[in-house]
Amino acid sequence: MWEYCICVDIGNDDVTEYILDRLNAYIKDCDGILTCLDKGLFTHILIACNKFEKNRLQLVLQDIITHVICYFYKKNYLLSNLRIKIADKISKQAFISALLFFDNETDNYIVNKYLEINDKINLSSFFNFKLQSLKQKWQELVDIANENEIYLYKDDTFLELIKFLVDNIEVKNDVINIMSVDKSYAIYDAKFDAIKCPNDMDEEKLVSTLIALSPKSINIYCSEILSSKIKTMICKLFEKRVKFVKQSVN
């Protein structure tokens, strides 16, 4: 058997939950072993598989750990270091989401450059000691925002900045379809298969979710229930990608 251990700081439940969710899908496929236990200051996620599955598991672990650093750790870093006071929650979430996924390809490259899948990794130690260049890159982004704080309180300037960031996020989905379901919103791909999104998708979460999905084209089937503010923001940020569709889809 080949074994691997991921150490997560106690209290980082979203990270632990994400890792376990991803690994559970793999374990069912390869007949491996997965367990989780709290010990001291860390949650230890232990996984084992047959040696002939080692290479495939290493690729899975590389993808999981890269996402954890470039999403969860980056989001925490941004929230901890940005000093901009944005009262409007929708605009704030859109801004954070745009910063989070901006230049994501380079973030992934830096993590993979230093990441070695041997037998064990402490995520916080790896981030704090191996990824100084990544932290510096994120800090430069934070510094630009903080130093121009006074200008970002103007709605037009702020939206232009978010739009610039959105325009420079790599496209991840060809088509996204937005529909209303039970006083909430549901998002589907080009084949109208549901895309996993936050529970109770409301307007507050909709724009930031679209930024995260980074679609090439957006079809909106529920424009009549969207507020004018949200429609304006979506059209401003995504421009020619947006299409309002009147007919319903069964």
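The values are calculated or read from the model by the stated rules, or taken from the named source; none is laboratory data. Given the structure is predicted, the values throughout are model-derived calculations rather than measurements. Please note: Cβ atoms are built from the backbone with ideal geometry, for glycine as well, and neighbour counts cover all protein chains shown. All accessible areas refer to the heavy atoms of the entire protein, side chains included, with ligands and DNA or RNA removed. Shrake-Rupley method; radii C 1.70, N 1.55, O 1.52, S 1.80 Å.
Using the structure shown, decide if CYS30 is in contact with a His (Cβ under 8 Å, 6 or more places away or on another chain) and open to solvent by less than 30 Å² (accessible area, probe 1.4 Å). No: the conditions fail for CYS30. Here the condition is being of a type in the set (Gly, Ala, Ser) and in contact with a helix residue (DSSP H, G or I) (Cβ under 6 Å, 6 or more places away or on another chain); of ALA212, ALA190, ALA194, it holds for ALA212 alone. Residues of region 1-19 that are open to solvent by less than 40 Å² (accessible area, probe 1.4 Å) and aliphatic (A, V, I, L, M): ILE6, VAL8, VAL15, ILE19. Listed by position, the helices (runs of 4 or more DSSP H) contained in region 100-176 that have at least 3 residues being surrounded by fewer than 18 Cβ atoms within 10 Å (Cβ to Cβ) and among the acidic types (Asp, Glu) are 132-147, 155-167. Only one of the listed residues (LYS246, LYS236, LYS216, LYS231) is surrounded by fewer than 19 Cβ atoms within 10 Å (Cβ to Cβ), more than 20 Å from the chain's Cα centre (by Cα) and closer than 18 Å to ASN168 by Cβ. That residue is LYS236. Quickly run through region 64-99 and pick out the residues that are farther than 19 Å from ASN122 by Cβ, free of Cβ contacts under 8 Å to residues at least 24 places away in the same chain and assigned to a helix (DSSP H, G or I). Across region 64-99, the qualifying residues are LEU79, SER80, LYS92. Residue pairs whose Cβ atoms lie under 7 Å apart, separated by 6 or more positions or on different chains, with the first residue in region 26-50 and within 15 Å of ASN12 (Cβ to Cβ) and the second surrounded by fewer than 11 Cβ atoms within 10 Å (Cβ to Cβ), are HIS44/LEU37. Taking the conditions (1) open to solvent by less than 100 Å² (accessible area, probe 1.4 Å); (2) part of a loop (DSSP other than H, G, I, E, B) in turn, LYS191 satisfies each one other than (1).
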